[in-house]
Every structure is written in structure tokens, then in C-alpha cells.
Amino acid sequence: MTVTRLPRPTLDSYEWQGKGLCRGKAVEQFFTEDLDLGQRARREQTEAAKAVCAVCPVVTQCLQHALAVPEPFGIWGGTTASERARMILDIAG
Ligand code: SF4
């Protein structure tokens, strides 16, 4: 992991995380990669996590963070890791 790509650890950089609707929810709901789930269960869990993100007040900041780092695992800003990888490729042109 290249640490130099991480945002500077200032309070402003992470303050939004305290407003995320995923706070207090089971971490497994947003990080299904390591769980022993069938394809259907994983899809349902992913959609449930995305539904939380869809009404989250900091979804924009969350997605911007996940694209900037980039976060290689989990649901961030209503996107999966593979969706973010495609977005990064699209941005890079
Ligand atoms: S957008 Fe989703 S992952 Fe990001 S803080 Fe909100 S609920 Fe959590």
C-alpha cells in the first residue's frame, strides 16, 4: 500500500465520517469480501448497504474519499470496490 496517496490526517479530512449512517451498523454489512457468502446473499447484502448510503448525508464526501485513497475494499459512498475501480479508470481516461 502506498501511504503517500492517503489524505493528510487532519480533522477536516475525516470529520464527515462521524455523520455517516453506517456508524454503529455491523461492519460486515459494508465489507462482504471476506465473508463466506453465496452470490445471492452477497448481492443482497451489498444492495442493503447501498440503500443505507443512498440516504446518507455524507455520501459525496465518502465517495470522494474512497476514490482519492483509493479504498480497495467495501462499500463506500454507495459503490463497491469494483465499481470504484471502473470509475477511477474512467476518470483517468
Ligand atoms: S455513504 Fe455509505 S459508507 Fe459512506 S459514510 Fe455514508 S453510509 Fe457510510
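The values are calculated or read from the model by the stated rules, or taken from the named source; none is laboratory data. Keep in mind that this is a model prediction, so the values were computed, not measured. Here Cβ is always computed from backbone atoms with ideal geometry, including for glycine, and neighbour counts include all displayed protein chains. Heads up: the accessible areas ignore ligands, DNA and RNA and are worked out on the full protein's heavy atoms, side chains in. Shrake-Rupley method; radii C 1.70, N 1.55, O 1.52, S 1.80 Å.
Taken over the stretch 59-89, the criterion of being outside any helix (DSSP H, G or I) and either open to solvent by 30 Å² or more (accessible area, probe 1.4 Å) or farther than 14 Å from residue 30 by Cβ (or both) is satisfied by 69, 70, 71, 72, 73, 76.
Would you mind stating whether residue 25 is in a loop (DSSP other than H, G, I, E, B) and at pLDDT 90 or above? Judged against the criteria, residue 25 is a match. Determine the pairs where a residue that is under 10 Å from residue 80 (Cα atoms) and in contact (Cβ under 8 Å) with a residue 60 or more places away in the chain, located within the stretch 29-42, has a partner that is away from the ligand (no atom under 16 Å from the Cβ) and hydroxyl-bearing (Ser, Thr, Tyr) with Cβ atoms under 6 Å apart, the partner being 6 or more residues away or on another chain. Filtered contacts from the stretch 29-42: no entries.
Report yes if some residue within the stretch 31-45 is of a type in the set (Lys, Arg) and near the ligand (Cβ under 10 Å from one of its atoms); otherwise report no. Scanning the stretch 31-45 turns up no residue that is of a type in the set (Lys, Arg) and near the ligand (Cβ under 10 Å from one of its atoms). Of all residues being within 12 Å of the ligand (Cβ to nearest atom) and assigned to a helix (DSSP H, G or I) in the stretch 47-58, which is most open to solvent (accessible area, probe 1.4 Å)? Just the residue, please. Filtering first and then ranking leaves 54.
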